[in-house]
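Report on the following structure.
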Amino acid sequence: VGSFIYRTFNDDKTQRIQHIRNLVAGPLLSSKLLDMSAVNYYYSLNEMPTPPKNLSLIYRGKQLYIYKNNSAWPYFYLAKNLEILNDEKKQIDVKQGTAYIEKKDSFVLPKNAGGGIIKMKEFLFGKIVFDFQSRQQELLVIADSWHPLWRARTNHSDLSLIRTNEIFKGIILPAGKYDVTVFFDNSPYLIGIYLSVVSWILFVVCFILASKFKGSLPS
């Protein structure tokens, strides 16, 4: 993710980012990678005299101007095409509707892919639910950071979740009509959490007992 962000903001030789959380002032950045990342809005302290054609002013306030990015990709979509990422040179000239995957995750996408129906039903921290319907296999792409502990499943089975568009989620959906639940599996962390809770309980109990016995000792 860090590499993707640095490349997005610094590839035109303008050092906009020197630290991952520090975006410095500089010329307006219009990037296909930001579009692919579903960046829908730009803001500026001053009004742009000649904004790019893809930006439209939607709010004007005191030292705050908000522009809508009309070129932004949707937050989620069913891919129409697949392309394999080149490890030596990452994809720059991205095309909307295409999903970029690693060679090890390659599979055959039907010719008429992207024609299914996908709707978001629920969006919570660590959980997203979609309503899906298609007569053929599809690839759902979500502009949300991939992590090996993210999972996807239907009511009947687990689904394959792969890294797509370099840093985002891709879910291979079999043909059919069903709900898709995407969630973060925190079970590997539960043992550590339980041990921490037990340790704190023992610490508090020992502290109370030590204070009690100390107060009851004869002077």
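The values are calculated or read from the model by the stated rules, or taken from the named source; none is laboratory data. Treat the numbers as computed from the prediction; the structure is a model and nothing was measured. Here the Cβ is made from the backbone with ideal geometry for all residues, glycine too, and neighbour counts use every protein chain on show. Areas reflect the complete protein model, heavy atoms only, side chains present, ligands, DNA and RNA absent. Shrake-Rupley method; radii C 1.70, N 1.55, O 1.52, S 1.80 Å.
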Among the listed pairs Lys121/Lys177; Lys95/Lys177; Lys13/Lys103; Lys127/Lys169; Lys95/Lys169, give every one whose C-alpha distance is greater than 21 Å. Lys95/Lys177; Lys13/Lys103
Kindly provide the chymotrypsin sites (Phe, Trp or Tyr not before Pro) of region 117-152 that DSSP labels as loop, not H, G, I, E or B, and whose Cβ sees at most 12 other Cβ atoms within 10 Å. Phe125
Accessible area of the chain divided out per residue, in Å², using a probe of 1.4 angstrom: 66
If I fit a long axis through the Cα atoms of helix 187-216 and take the longest principal axis of the Cα atoms of the chain, what angle between them do I get, 0 to 90°, rounded to 10? 30
What do you reckon, how do Met120, Met36 stack up by accessible area (1.4 Å probe), largest on top? Met120, Met36
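Counting only protein chains, not ligands or nucleic acids, how are Lys95, Lys212 ordered by accessible area (probe 1.4 Å), most first?
Values: Lys95 110, Lys212 145 Å².
So, going from the largest accessible area down, we get Lys212, Lys95.
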Within region 43-105, which GluC sites (Glu not before Pro) sit in a loop by DSSP and count at most 16 neighbouring Cβ atoms inside 10 Å? Glu47, Glu88, Glu102
Quantify, in whole percent, the carbon and sulfur part of the accessible surface of the chain (1.4 Å probe; protein heavy atoms only). 57
